[in-house]
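Below you'll find the structure, written out as structure tokens, and then a few comments.
Quick note: the coordinates plus some simple rules give every number you see, no bench work behind them. The structure displayed is predicted, hence computed values, not measured ones. Neighbour counts run over all protein chains shown; Cβ positions are idealised from the backbone, glycine included.
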Amino acid sequence: MKKAITIVGCVVLTLGFSTATLAGKPSACETIQDGNLLTSAGDLIQTGYDQWGYNYQARKFMGTYCDAYRDAAWCQPYKDVNLAMKWNDAWLDNKDCDHDGLLDRHYGSASYIGSGAWLTNNESGEYLDEDGKQCSWFYFVKIVAVPADAYEGNGMWYAADDHEIGPVIWGQFAITQQVSNDTCAGEHGVQYHSPVGPGLGRF
């Protein structure tokens with residue numbers, strides 16, 4: 001079960017916020033403090049953590065896997081997985097600058113590619129192995145939007161200079177670092193480290 005959780009656990013924020021592209025940010029962007037911005041579910045966004053664990057102002061999430069998806073039926077097998085996420089404004093901003101009432105994504109870019117967006121996930125949990133032993137696990141991943149001049153080949157993103165960025169995930173993104181620790185599976189430490197470096201904000 002732990003392996004399935006790890007594969008599924010690279011959570012993307014799927015709340016349907018604005019992806020509109022404009023030439024430049026207006027001087028008066030709508031903010032959360034203005035009290036008018038909504039989630040895709042129609043809930044009013046406020047500062048601080050909401051009932052699901054999202055803090056849109058701070059660009060953070062702290063809760064469980066199912067909380068991230070508003071307790072959707074399909075995620076119930078993973079309801080005991082602890083999840084923490086952080087992201088930057090290109091991934092999901094805390095402002096509405098195109099004035100559609102939703103928080104902006106990759107504002108000023110036609111897509112996430114070339115936007116500089118990034119996301120980190122921290123996941124942890126416990127499971128019983130085949131012998132009934134209690135096992136603890138931890139998983140961490142860094143995900144970045146690839147630069148505009150990157151190219152894809154054999155499931156891997158490469159920079160224009162042919163250096164490997166990382167495995168393709170969600171089409172427009174690359175994994176630049178994975179860390180996995182599991183007391184029963186013998187996993188410990190870094191499982192993947194991008195040759196161009198896993199630092200956030202690099203692209």
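Structure summary
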read-out: Two-site FRET efficiency, K133 against W170, from Cβ-Cβ distance with R₀ of 22 Å, rounded to 0.05; value: 0.05
read-out: For region 182-198, 3J(HN,Hα) per residue [Karplus equation, 6.51 cos²θ - 1.76 cosθ + 1.60, θ = phi - 60°, Hz, x = Gly/Pro]; value: 9, 5, 10, 8, x, 8, 7, x, 5, 9, 8, 9, 4, x, 8, x, x
read-out: Packing-based exposure ordering (other Cβ within 10 Å, fewest first) of F140, F173; value: F140, F173
read-out: Exposure proxy order (Cβ contacts within 10 Å, fewest to most) of R59, R105; value: R59, R105
read-out: Long-range tail of P(r) for the chain (Cα pairs > 29 Å, %); value: 30 percent
read-out: For region 2-193: lysine pairs under 17 Å (alpha-carbon distance), excluding those fewer than 8 apart on one chain; value: 10
read-out: Label-to-label distance, nm, for residues given as A58 and D71 (7 Å Cα→Cβ offset); value: 2.3 nm
read-out: Potential extension, T120-Q191 segment - 0.36 nm per residue separation minus Cα distance; value: 24.0 nm
read-out: Relative exposure of E152, E130, E187, E30, judged by other C-beta atoms within 10 Å (fewest first); value: E130, E152, E187, E30
